[in-house]
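Visitor: Take this structure, written in structure tokens, and hold onto it; I'll ask about it next.
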Amino acid sequence: MNKDLTRVDPWSRLTQWTTARIATGRAGVSTPTSPLLAFNSDHALARDAIYTSLNVAGLKQSFQHAGFETLTVTSRARSRTEYLRRPDLGRLLEPTSAEALRRVQKPSPHLLTVVVADGLSALAPMTHALPLLDSLRGSLAEWVLDPIVLATEARVALGDEIGEIRGAEAVLVLIGERPGLKSPDSLGAYLTYRPRIGRMDSERNCVSNIRPEGLGYTEAAFRLVHLLDRARILGTTGVALKDNSDDMPNAPSKGILAEPV
């Protein structure tokens, strides 16, 4: 007599190609115990990612050790709870932070300001921002890199005000994305050309899901450099700028088919 009551899903062989929650099987009309426990664990990790604070001191030390100058700012949201309930405050600089940015000398022209922000997952920038910048900076010969701005309780649009104050030609916001149940540490990169307060989301380009299990650092850096170059040629970002980096002959993923693990 077979004591295993779990019915294996015939599509379970597809799980070798993805970490997505598919083909979990059945035990009667319910989910088997093991996938259910995995779901609860993933849900807990996603909640932790949202409420974990950005380790600004540790991040600042890591960036400086890697040769990046840093500045720190915060939004007008005074706590994590207020940040989650008032997205509008996360898009505005706290006045003393704005004044501090104005006092720092601005290298120019062709200034690229990079903002590393907590967003909805502080785990993402703490894990992936520095490796991505390491992959990116060797390809920024046409740009002058501003000190890295570390921002807390921040939304994407906070980069518009930061970029405007710094007089940046472009601003790149590296921010924690909304956690998924299999991706609590996904980093997003939002590029805006000629940033200023009031820019719309349609005026940005986004490279998403940057992490080893998603879009790797080398490929993400290649796409961002391509977008930066095209933004300067076209004088804009957003819906007018299409990411056709896959068509480039030297694209990192060109002709490469991932092997199952």
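Visitor: Quick check: from the Cα gyration tensor, does the stretch 27-178 come out rounded (a/c under 1.5), prolate or oblate? Each step should come with its number before you reach the end.
Guide: Values: a/c = 2.68, a/b = 1.78, b/c = 1.50.
In terms of gyration-tensor shape, prolate.
Visitor: Select from Ala170, Ala57, Ala77 the residue whose mean-square fluctuation is largest in a Gaussian network model of the chain (Cα-Cα springs shorter than 10 Å).
Guide: Looking only at Ala170, Ala57, Ala77, the largest GNM fluctuation is found for Ala57.
Visitor: Further question on the same structure: Express the carbon and sulfur contribution to the solvent-accessible surface of the chain as a percent, rounded to the nearest whole number, probe 1.4 angstrom.
Guide: Values: 7470 of 14140 Å².
Exposed carbon and sulfur together represent 53 percent of the surface.
Visitor: Mind checking which of Ala251, Ser12, Ile165 is farthest towards the positive end of the chain's charge dipole, using Cβ charges of +1 (Lys, Arg) and -1 (Asp, Glu) about the Cα centre?
Guide: Result: Ser12, furthest along the dipole toward the positive end.
Visitor: Oh, and also: Rounded, prolate or oblate: which one fits the stretch 1-62, using the alpha carbon gyration tensor with axes a ≥ b ≥ c (rounded when a/c is under 1.5, else prolate when a/b beats b/c, else oblate)? Please list the in-between numbers first.
Guide: Values: a/c = 4.37, a/b = 2.58, b/c = 1.69.
Because a/c hits 1.5 or more and a/b exceeds b/c, the stretch 1-62 counts as prolate.
Visitor: Assuming a ≥ b ≥ c are the square roots of the Cα gyration tensor eigenvalues, decide whether the stretch 80-127 counts as rounded (a/c under 1.5), prolate (otherwise, with a/b larger than b/c) or oblate.
Guide: Working: a/c = 2.82, a/b = 1.51, b/c = 1.87.
It comes out oblate by the Cα gyration axes.
Visitor: Evaluate the relative contact order of the chain (contact order divided by residue number), counting alpha-carbon pairs under 8 angstrom at least 6 apart; express in whole percent. Before the final figure, lay out each step's value.
Guide: Values: 479 pairs, mean separation 45.8, N = 261.
Rounded, it is 18 percent for the chain.
Visitor: Taking 0.36 nm per intervening residue step and subtracting the Cα-Cα distance, what contour gain separates Leu181 from Ala38 on full extension?
Guide: Values: separation 143, 0.36 × 143 = 51.48 nm, distance 0.97 nm.
Contour length minus the Cα-Cα distance gives 50.5 nm.
Visitor: Separation between the Gln16 and Glu142 pseudo-spin-labels, each 7 Å from Cα along Cα→Cβ, expressed in nm?
Guide: 4.3 nm
Visitor: What does the accessible area per residue of the stretch 1-159 come to in Å², with a 1.4 Å probe and no ligands, DNA or RNA counted? Could you put the intermediate results ahead of the total?
Guide: Details: 9220 Å² over 159 residues.
I get 58 Å² per residue for the stretch 1-159.
Visitor: Under a crude label model (7 Å from the Cα following the beta-carbon direction), how far is Arg7 from Ile197 in nanometres?
Guide: In this crude spin-label approximation the distance works out to 6.1 nm.
Visitor: Treat every Asp and Glu Cβ in the stretch 42-165 as -1 and every Lys and Arg Cβ as +1, leave all other atoms uncharged, and give the resulting dipole magnitude about the Cα centre to the nearest 20 debye.
Guide: I would put it at about 280 debye.
Visitor: Taking percent of Cα pairs over 29 Å apart straight from the coordinates, which label in (1) 47; (2) 31; (3) 37 is the correct one?
Guide: Derived directly from the coordinates: (3).
Visitor: Sticking with this one: Take the chain, connect every pair of alpha-carbon atoms lying under 10 Å apart with a spring to form a Gaussian network, then pick out the residue of Asp247, Asp48, Asp185 with the largest mean-square fluctuation.
Guide: Asp247
Visitor: In the stretch 136-261, what percentage of the DSSP-assigned beta bridges are antiparallel, given to the nearest 5? Provide the component values of the computation, followed by the final result.
Guide: Values: 13 of 14 bridges.
Taking every DSSP beta bridge within the stretch 136-261, about 95 percent pair in antiparallel fashion.
Visitor: Out of all DSSP beta bridges with both ends in the chain, state the antiparallel percent to the nearest 5.
Guide: On the way: 17 of 34 bridges.
Roughly 50 percent of the beta bridges in the chain run antiparallel, per DSSP.
Visitor: Here's another thing I want to ask about it. Counting only the backbone N, which residues of the stretch 167-198 are under 12 Å from the spot 7 Å out from the Cα of Leu45 toward its beta-carbon?
Guide: 180-186
Visitor: Most mobile of Lys182, Lys242, Lys60 per a Gaussian network model of the chain (Cα springs, under 10 Å)?
Guide: Ranking Lys182, Lys242, Lys60 by mean-square fluctuation puts Lys242 first.
Visitor: In the neighborhood of Arg166, defined by Cβ-to-Cβ distances under 14 Å, what is the net charge if each Lys or Arg adds +1 and each Asp or Glu adds -1? Each step should come with its number before you reach the end.
Guide: On the way: positive: Arg102, Arg103, Lys106, Arg194, Arg196; negative: Glu69, Glu99, Asp146, Asp160, Glu161, Glu164, Glu169.
Charge balance near Arg166 sits at -2.
Visitor: Under 5 Å between amide hydrogens, which residues at least 5 positions from Asp9 or on another chain qualify, with H placed 1.01 Å from N in the peptide plane?
Guide: Distant-sequence amide H within range of Asp9: Gly25, Arg26.
Visitor: What length, rounded to one decimal in nm, is gained on full extension from Asp229 through to Val104, with 0.36 nm per residue of separation minus their alpha-carbon distance? Numbers along the way, then the final one.
Guide: Values: separation 125, 0.36 × 125 = 45.00 nm, distance 2.66 nm.
Contour length minus Cα-Cα distance gives 42.3 nm.
The values are calculated or read from the model by the stated rules, or taken from the named source; none is laboratory data. Everything numeric here is computed off the predicted structure, so don't read it as measured data. Because the Cβ atoms are built from the backbone with ideal geometry, glycine has one as well, and the counts that use them run over all protein chains shown. Side chains are part of the model used for accessible areas, which takes the heavy atoms of the whole protein and leaves out ligands, DNA and RNA. Shrake-Rupley method; radii C 1.70, N 1.55, O 1.52, S 1.80 Å.
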